[in-house]
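Novice: I'd like to ask you about the structure that follows.
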Amino acid sequence: MLDGETKSLSRREFVAIVAALMAVDAIAIDIMLPALPNIGFAFDVTNPNDRSLVLTVFLVGFGLPQMVFGPLSDRFGRRRPILIGLAVYTACALASPAVGSFPALLWLRFAQGVAAAAIRVGILSAVRDRYQGAAMSEVMSVAMSIFLLVPLIMPGVGQVILLAGPWEFIFVAMGGLGALVGAWTYLRLPETLATANQRAIDFRSVASGFAMVIRNRTAFSYGLSGMFLLGIILAMINTSQQIYVDIYGLGPFYPLAFAAMPAASIIGFLANSRLVAKFGMRRLAHGAMLLFLAGSIAWFIMVQFGTPPLWVFLLMVMLVIPMVAFGFPNTGALAMEPLGEVAGTASAIFGAIQTVGGAILGWAVAQSFDGTLAPVMASLCIFGTFVLACFLIAEKGRLFGDKGAIPVLDV
């Protein structure tokens, strides 16, 4: 990347592009939520729990290929995989209304997930190219705060689209948004990987990069914790339609209640962006997950006495879910911090583990749904425990290890 290109893109616009590219991936999930019953009816899907395959298959496609795109990103740069991914993502979305069977739709969703994987690897590596440590955590917190407007509004947008037309219109809207973000990225995002930092793509170099990631106990443990953090979010998302429609009977008002989770997450991400430079990534992540686990246990105990009123359920969402928002950017930055030399490979490995593992965990919770809140709340307790276990392994049994603030860098 030329110096002039770097300076022409302001920090604010860079964060906005990061958020937009992350949002493209999220749109493929969140705008679909109100349409799952319609898609199931259109393709005669008899088991209601199988509707979530529309989400799970996308996430599997999103996770596995990142292992390939990481080394490619370290060799050819970040910009090219992002642009190719956006083109394929848009094509898959626009082709989906023409399918004639549920398996065909799932194959297109898988291909769309593969394209989204290229976008994710490229943009996270670009962030690592420009920032590190607490600065990376701050940038990701701000970007994710913007990006979380997608799950805040997109289920509502999907519901409005369904009121205006068939479920196929949702894919047309998805493709249109992909094309718009693609045009912006093509015009404004420069290459962030310097030519001198490009790695060869021969077997020895790729194996060396993978070994650097896997053998780093701290980085790998924090990266693994992201799988359970994503499992928490997907457990809530995959069962949200059954919780708000089947249990609480909200019908078309379901997107309004669902918005409580992304709204709570936005609060957490914004708070993290303000606090991380002062308190450090470890203290915020470790403290937040201890609070999350305590809140989840209380929530699980509560539902053993019956279904709580809707306002109580939403209150717990607003109290517990922001703690996850402190975990994502800090654990991500802690995982990537020592691996700048192989940022693409590291992003790929962690992305594959987190996405595929998180998708499987979220699918398992969806399949265990029995008409009550108990399985969902139990999963939060279990996943939160595993997150803390990863922290303890990373830090050799000691939490809250930051000794001071890490300076926030700017570009």
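Read the figures in this text as sums done on the coordinates, not as results from a lab. Because the structure is a prediction, the values reported are computed rather than measured. Glycine gets a Cβ as well: all are built from the backbone with ideal geometry, and neighbour counts include every protein chain shown.
Novice: Of Thr331, Thr195, how do they rank once you tally other Cβ atoms within 10 Å and put the fewest first? List each step's numbers first, then the result.
Specialist: On the way: Thr331 30, Thr195 8.
The fewest-first ordering by Cβ neighbours comes to Thr195, Thr331.
Novice: About its Cα centre, how strong a charge dipole does region 3-394 have in debye, to the nearest 20, once Lys and Arg get +1 and Asp and Glu get -1 at the Cβ? Show your work: numbers first, answer last.
Specialist: On the way: 21 positive and 17 negative charges, 201 e Å.
The dipole of region 3-394 has a size of about 960 debye.
Novice: Further question on the same structure: Counting alpha carbon pairs within less than 8 Å and at least 6 residues apart, what relative contact order, in whole percent, applies to region 226-346? Working shown, then result.
Specialist: On the way: 83 pairs, mean separation 44.0, N = 121.
Taking the mean separation of contacting Cα pairs over the length of region 226-346, I get 36 percent.
Novice: Give the long-range amide H neighbours of Arg78: residues separated by 5 or more places, or on another chain, with amide H under 5 Å away, using H modelled in the peptide plane at 1.01 Å from N.
Specialist: Long-range HN contacts for Arg78: Thr192, Leu193.
Novice: I would also like to ask the following. What's the exposure ranking of Met289, Met316, Met140, going from fewest to most Cβ atoms within 10 Å? Working shown, then result.
Specialist: On the way: Met289 26, Met316 20, Met140 29.
Starting with the residue having the fewest Cβ neighbours, the order is Met316, Met289, Met140.
Novice: Within 10 Å, count the other beta carbons around each residue, average over each peptide in 45-51, 344-350, 60-66, and list them highest first.
Specialist: Working: 45-51: 14.7, 344-350: 29.1, 60-66: 24.6.
The densest-packed peptide leads the list: 344-350, 60-66, 45-51.
Novice: Something else about it: I want the local charge near Ser73. Using Cβ-Cβ distances under 12 Å, sum +1 for each Lys or Arg and -1 for each Asp or Glu among the other residues.
Specialist: On the way: positive: Arg75, Arg78, Arg79, Arg80, Arg120, Arg128, Arg199; negative: Asp74, Asp129, Glu191.
Net charge in that neighbourhood comes out at +4.
Novice: How large is ³J(HN,Hα), in whole Hz, for each residue of region 12-28 in order, when computed from phi with the Karplus curve 6.51 cos²θ - 1.76 cosθ + 1.60 and θ = phi - 60°, using x for Gly and Pro?
Specialist: 5, 5, 4, 4, 5, 5, 4, 5, 5, 5, 5, 5, 4, 5, 5, 4, 5
Novice: Of the listed values (i) 1.30; (ii) 1.10; (iii) 0.94, identify the label whose number matches Cα Rg over 2.2 N^0.38 Å calculated from this model.
Specialist: Checking each listed value against the structure points to (iii).
Novice: Continuing with this model, one more query. Considering Cα pairs under 8 angstrom that are at least six residues apart, work out the relative contact order of the chain and quote it in whole percent. Before the final figure, lay out the partial values.
Specialist: Numbers: 701 pairs, mean separation 118.0, N = 411.
Value for the chain: 29 percent.
Novice: Using the Karplus curve 6.51 cos²θ - 1.76 cosθ + 1.60 with θ = phi - 60°, what ³J(HN,Hα) values do you get for each residue of region 259-273, in whole Hz, with x for Gly and Pro?
Specialist: Running phi through 6.51 cos²θ - 1.76 cosθ + 1.60 with θ = phi - 60° gives 4, 4, 5, x, 5, 5, 5, 4, 4, x, 5, 5, 5, 4, 4 Hz.
Novice: From the phi angles alone, apply the Karplus equation (6.51, -1.76, 1.60; θ = phi - 60°) to region 76-93 and give each ³J(HN,Hα) in whole Hz, x where the residue is Gly or Pro.
Specialist: So the Karplus estimates, Gly and Pro as x, are 9, x, 9, 5, 4, x, 4, 5, 5, x, 5, 5, 5, 4, 5, 4, 5, 4 Hz.
Novice: Would you mind ranking Leu399, Leu72, Leu256 so that the residue whose beta carbon has the fewest other beta carbons within 10 Å leads the list? Working shown, then result.
Specialist: On the way: Leu399 16, Leu72 20, Leu256 13.
Taking fewest neighbouring Cβ atoms as first place, the list is Leu256, Leu399, Leu72.
Novice: From the helices alone, meaning DSSP H stretches of at least four residues, give me the mean residue ellipticity at 222 nm for the chain, per-run term -39500 (n - 2.57), in deg cm²/dmol to the nearest 500.
Specialist: Details: 18 runs with 309 residues, N = 411.
Here the helix-only value at 222 nm equals -25500 deg cm²/dmol.
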